[in-house]
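The values are calculated or read from the model by the stated rules, or taken from the named source; none is laboratory data. Treat the numbers as computed from the prediction; the structure is a model and nothing was measured. Here the Cβ positions follow ideal geometry from the backbone for every residue, glycine too, while neighbour counts run over all protein chains shown.
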Amino acid sequence: MERDKTAFVTGGTGFVGSHLVEELLRRDIDEIRCLVRTDPKWLSDLDVTTVRGDLSDVDVLWDALDGVDEVYHVAGRTRAPTEDEFYEANVQATLNLLGAVKHAAPDLDRVLVTSSLAAVGRCAQDVATEDVPLRPVSMYGRSKARMEEALHERPETTPESYAESLPLTVVRPPAVYGPRDRDILDFFRAVKRHVCPVVGGGSSRTLSLVHAEDLAAGMVDAVRHPGAVGETYFLGSEQPYAWNDVKRAATAALDTWAVTLPVPGPLLGAVGTAAEAWGWVTGTHPPLNRDKTREIHHACTACSSEKAQQDFGYAPNTSLDDGVADTIAWYRAEGWL
């Protein structure tokens, strides 16, 4: 197939973004331009054009977006100590990008904006669908919900919102796992030490997971589907999993055993507080922090991908067993586990 498109990717140096870039390289893309601050990381050996800068540099964005057909906005912060930092990275940066798109590439085919299941927050349903109200419980979730709202607001300088003037598609992934992910690594390390920590019992609560390669393929398919303009999609597993399912897959891949350790909600908050305190000492912000524990305890963790399946045939190809085994094999090969 002739490669005749130009794509612009933000967040390509990250976990999800790098898998997306690899997926685009397998598709009909003539050039992939990736916004890179300093270190290309996982993009170092890939056939991409790196654009030095960030989402606050309008001049860089205008030049980089010239002639672009597809924009994939994956960049964002998943953890930060303050609301302001989340807003700057997840809301304002998105508006900066869309403003540049509107001026530099107003006739492009599609802009994909990456949100999150965390934007849903509290939900009356056990499994969220795209039409449920957004009631986020964490700073991260609130920033993603605010980002989605901002797409439909009209800036002072224009009579149209970005949702009205640009061909936008929003995707909300649930928990993502796969090679290069560091957030779920601590869970696998605990299982290797024969402990499987879960909130509540191992079968009492379900969650949606998506392997990074399946998510990347779904993102590109959403962009290529004409009917996805103006739509929002969850891209997760075919069905939610119980933590016992994840435990079984992990122990099989590690060839070990583990005892389920139920973690009560109040204790989870204390763990998050302690982790943040240690992060303050070490100058880091850990993946399991107070904000994340609020999500785990109070927010919806499962979603339905039925809308994406019906609209453009979204179908994750990676089973939980294969995905966990693949991830753990990569961790071992890289010396992470």
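Per-structure values
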quantity: Unique match (being under 17 Å from S208 (Cβ atoms) and among the aliphatic types (A, V, I, L, M)) among A93, A128; calculated: A128
quantity: Any chance T94 is modelled with pLDDT of 95 or more and closer than 22 Å to A228 by Cα; calculated: yes
quantity: Qualifying positions in the stretch 295-337 - among the charged types (D, E, K, R) and within 18 Å of G178 (Cβ to Cβ); calculated: D321, D322, D326, R332, E334
quantity: All positions within the stretch 124-173 that are touching a Lys or Arg at 6+ places or on another chain (Cβ under 7 Å), closer than 29 Å to Q239 by Cα and not hydroxyl-bearing (S, T, Y); calculated: E130, R135, P136, V137
quantity: Test: residue in the stretch 76-96 that is in contact with a strand residue (DSSP E or B) (Cβ under 9 Å, 6 or more places away or on another chain), in contact (Cβ under 8 Å) with a residue 40 or more places away in the chain and among the acidic types (D, E); calculated: no
quantity: In the stretch 115-154, the residues that are touching a strand residue (DSSP E or B) at 6+ places or on another chain (Cβ under 6 Å) and β-branched (V, I, T); calculated: V120, V137
quantity: Pairs, first over 8 Å from L35 (Cβ atoms) in the stretch 49-66, second of a type in the set (K, R), C-beta under 7 Å, six or more apart; calculated: T49/R33
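Every residue, every condition in (1) among the basic types (K, R); (2) part of a helix (DSSP H, G or I); (3) modelled with pLDDT of 90 or more; (4) exposed (fewer than 14 other Cβ atoms within 10 Å of the Cβ), yes or no:
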position: D311; (1), (2), (3), (4): no, yes, yes, no
position: A315; (1), (2), (3), (4): no, no, yes, yes
position: G323; (1), (2), (3), (4): no, yes, yes, no
position: W336; (1), (2), (3), (4): no, no, yes, no
